[in-house]
Amino acid sequence: MVLITPTFFLRVQLLLLVLLCGLSPGLRAAADPEKVAALLDAAFFEGEGMNVWRDEGPDGFHPSFIPQFHDTTYRERIEMLDSTTVMNLTFNEHVRSFIRIYAVDRREHTSRIVGLQRTYFPFIEEMLAKYEIPQEMKYLAIVESALNPSAVSHANAKGMWQFIYGTGKMYGLESTAFVEDRFDPYQATDAACRHMRDLYDIYGDWFLVLAAYNSGAGNVNKAIRRSGGKRDYWEIWRWLPRETRGYVPAFIAVTYVMNFYREHNIEPEDPEYLYQDIGEVELRNVLEFDVLEDMVGVSQGELETLNPQYRLGVVPAQASDPMMLRMPKEYLAVFAEKEQELYRTQKEKGVAQEQLLARAGSRGASMQKVHVVRRGESLGRIARMYRCYVSQLIRWNNLSSSRIYPGQKLVVFGAPDVVAGSSGGSGSGAVSYHKVSRGQTLGAIARRYGVSVGNLKRWNGLNGSTIYIGQKLKLYGVAGGAPSGGQAVTHVVRGGETLGAIARRYRVSVANLREWNKVRGSKIYVGQKLQIYGLSVQDVSGAVTYHTVRRGETLGGIARRYGKGVAEIARWNSLGARKTIYPGQRLRLFEAVRWHVVRRGENLGLIAGRYGVSVSKLLQWNKIDSRKVIHPGQKLKILSQ
């Protein structure tokens with residue numbers, strides 16, 4: 001062991017003095033043995049409490065004592081851990097550097113983590129057992145977030161398990177302005193276990209699972225290819241991203257320190273809550289934290305600590321969509337006794353359920369709006385426009401300051417029916433937006449929404465009639481129902497379709513789709529009928545000659561959509577026997593035919609080369625037999641390739 005204290009170097013110097021005295025007769029004669037002994041006592045056994053270093057503190061260590069060990073000791077201990085797990089725990093220089101970070105450099109940090117395991121590890125272990133995942137994977141939450149359920153990374157990954165938005169959405173974690181499931185340690189743990197299980201089904205190796213969890217399956221697959229197909233973490237290590245190269249060593253180091261923290265003289269810091277002291281209740285109605293504090297006695301601070309997923313102190317529960325709330329067990333009995341009274345008080349408070357649901361993001365978004373910041377706008381101006389406070393805009397959008405930029409999207413809740421316009425004029429009624437599509441004019445857009453061209457210009461600060469594809473035009477008084485102009489159609493939802501895809505198809509906004517069909521959030525189901533308003537005849541029945549494949553679409557679905565046959569589309573686009581399509585592919589929806597008149601001296605090979613087709617195709621299209629005989633003046637059918 002090495003003793004690291006402020007007098008460490010003084011002690012080394014005194015030891016060198018003693019050695020020199022022993023080696024040099026002159027120094028030995030000059031030195032006073034009693035004075036040397038007194039100096040050694042003062043350096044090693046007096047001050048800093050070191051005279052009792054084996055009598056106080058955990059395991060007999062003095063609190064200031066920081067043990068470190070030889071590599072052999074680290075290796076033996078990790079080998080002991082390795083013998084109890086299916087994971088291949090090893091020791092090397094990378095692992096050693098992370099052990100020093102957790103056991104020496106950031107000891108106080110580690111002390112808090114060791115204490116927090118009594119809050120979070122019991123339910124994490126239950127989940128790991130449920131999905132048949134090694135128990136050591138619980139230490140991944142320490143590497144990711146240090147067991148902080150509200151952690152946010154520089155890449156905006158959130159929660160104890162650091163989910164990015166897309167991956168969280170894939171595993172059912174909801175992210176709205178008021179509810180962030182990635183901050184819920186219970187839901188996030190379940191999602192993380194399912195994610196790890198899916199990765200293990202791909203790689204069959206837990207270290208590769210860790211690498212893919214950190215950097216994504218694409219980076220791991222790339223490293224495997226570059227290594228020549230090797231599927232061992234240490235063999236593909238050099239081809240992984242820099243951050244991922246330190247990920248597994250950090251995991252092994254955390255596993256070691258969490259099992260040998262006492263040997264490193266680390267005393268666990270008592271957590272604020274123990275797992276067994278936390279209870280939960282199911283809410284079936286909207287409830288605010290301040291109502292619970294007033295009537296049940298549990299403080300808003302306690303509720304916020306145990307329920308970090310409810311960002312603004314509102315639980316947007318409904319009878320059809322109940323939600324869980326956690327609190328210290330000592331308050332459960334009072335809550336059960338006063339539950340119905342709580343709901344009544346919430347209603348009497350003057351904040352109706354519909355209003356709270358509107359404030360609670362996608363669970364009740366009928367009064368939620370998105371404002372796109374324009375050049376010259378400030379938070380104060382936007383707040384006046386929507387009759388709210390700047391502080392509310394900052395809170396609703398998780399802004400760290402009042403700085404905003406053009407194009408930024410701000411969520412606004414409970415906006416009034418009458419909205420003051422921005423530069424260029426104002427309109428009456430709720431504000432909505434139209435995104436200009438190819439071929440559209442101001443006149444066509446005005447007719448579609450039943451407004452005048454003059455109003456369109458005034459609302460959007462336009463001097464002339466020039467607009468461009470992708471431009472967003474502000475509209476007032478048209479979002480309260482179906483547009484007055486145009487034609488209404490019914491769209492039947494097909495498998496794989498989303499509101500966004502349907503909106504793009506009919507050139508309408510997702511917000512309008514939701515409003516016309518009373519849809520809350522983004523959930524639709526196969527077979528659901530959606531009403532689409534404001535379409536011109538060309539929008540509904542115009543001839544479409546090409547289709548760009550979107551993610552999730554199938555050839556059969558595309559064929560049904562346009563009333564074509566699968567075989568026809570496959571033939572027109574030379575898809576081959578497997579009929580494979582991919583997102584972004586442009587499919588022709590017609591058979592383009594050209595005719596070639598055979599001239600003297602031409603043969604099938606020359607004609608095929610001229611049009612970039614094969615001789616076999618020419619034979620097939622023109623039903624020419626195996627003799628391949630053609631004659632001058634003969635007309636040959638050429639289909640576009």
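The values are calculated or read from the model by the stated rules, or taken from the named source; none is laboratory data. Fair warning: this is a prediction, and the values are worked out from it, not measured in the lab. With ideal geometry, Cβ positions are generated from the backbone for all residues, glycine too; neighbour counts draw on all protein chains shown. Each accessible area value is taken on the protein alone, full model and side chains, heavy atoms only, with ligands, DNA and RNA left out. Shrake-Rupley method; radii C 1.70, N 1.55, O 1.52, S 1.80 Å.
Okay, here's what the table says:
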quantity: Condition broken by residue 110, with the remaining ones in (1) surrounded by fewer than 16 Cβ atoms within 10 Å (Cβ to Cβ); (2) at pLDDT 90 or above satisfied; calculated: (1)
quantity: Test for residue 179: is it under 21 Å from residue 307 (Cβ atoms), surrounded by fewer than 17 Cβ atoms within 10 Å (Cβ to Cβ) and touching a strand residue (DSSP E or B) at 6+ places or on another chain (Cβ under 8 Å); calculated: no
quantity: Subset tally (residues that are under 13 Å from residue 257 (Cα atoms) and out of contact with any Pro (no Cβ under 6 Å at 6 or more places or on another chain)) for the stretch 92-104; calculated: 8
quantity: Residue 344 being charged (D, E, K, R) and modelled with pLDDT of 90 or more; calculated: no
quantity: Selection status of residue 599, free of Cβ contacts under 8 Å to residues at least 60 places away in the same chain, farther than 30 Å from residue 527 by Cβ and surrounded by fewer than 12 Cβ atoms within 10 Å (Cβ to Cβ); calculated: yes
quantity: Members of the stretch 285-330 that are within 27 Å of the chain's Cα centre (by Cα) and at positive phi; calculated: 313
quantity: Residue count, the stretch 191-210 (criterion: more than 16 Å from residue 164 (Cβ to Cβ) and either modelled with pLDDT of 95 or more or hydrophobic (A, V, I, L, M, F, W, C) (or both)); calculated: 7
quantity: Pairs where the first residue, in the stretch 315-341, is acidic (Asp, Glu) and the second is in a helix (DSSP H, G or I), C-beta under 9 Å, 6+ apart; calculated: 321/363; 330/277; 341/295
quantity: Residues of the stretch 610-624 satisfying the condition of being in contact with a helix residue (DSSP H, G or I) (Cβ under 9 Å, 6 or more places away or on another chain) and modelled with pLDDT under 80; calculated: 611, 613
quantity: Looking only at the stretch 565-583, and only at residues there that are part of a helix (DSSP H, G or I) and not charged (D, E, K, R), the one that is farthest from residue 549 (Cα to Cα); calculated: 567
quantity: In the stretch 157-192, the residues that are part of a strand (DSSP E or B) and either among the acidic types (Asp, Glu) or within 15 Å of residue 216 (Cβ to Cβ) (or both); calculated: 163, 180
quantity: Scope the stretch 240-258; condition open to solvent by 10 Å² or more (accessible area, probe 1.4 Å) and outside any helix (DSSP H, G or I); matching residues; calculated: 241, 246
quantity: Options 98, 163; residue that is of a type outside the set (A, V, I, L, M) and closer than 26 Å to residue 323 by Cα; calculated: 163
quantity: Tally of residues being at pLDDT below 50 and within 35 Å of the chain's Cα centre (by Cα) across the stretch 463-484; calculated: 4
quantity: Residue ID - nearest to residue 146 (Cα to Cα), chosen from residues in the stretch 106-130 that are among the charged types (D, E, K, R) and more than 25 Å from the chain's Cα centre (by Cα); calculated: 112
quantity: Residue, surrounded by the fewest Cβ atoms within 10 Å (Cβ to Cβ), within the stretch 561-582, restricted to residues that are closer than 20 Å to residue 497 by Cβ and modelled with pLDDT under 75; calculated: 563
quantity: Residue list for the stretch 199-208, restricted to those being free of Cβ contacts under 8 Å to residues at least 40 places away in the same chain and touching a helix residue (DSSP H, G or I) at 6+ places or on another chain (Cβ under 9 Å); calculated: 199, 202, 203, 205, 208
quantity: Output for the stretch 296-327, where each listed residue is farther than 21 Å from residue 175 by Cβ and surrounded by 18 or more Cβ atoms within 10 Å (Cβ to Cβ); calculated: 296, 298, 302, 327
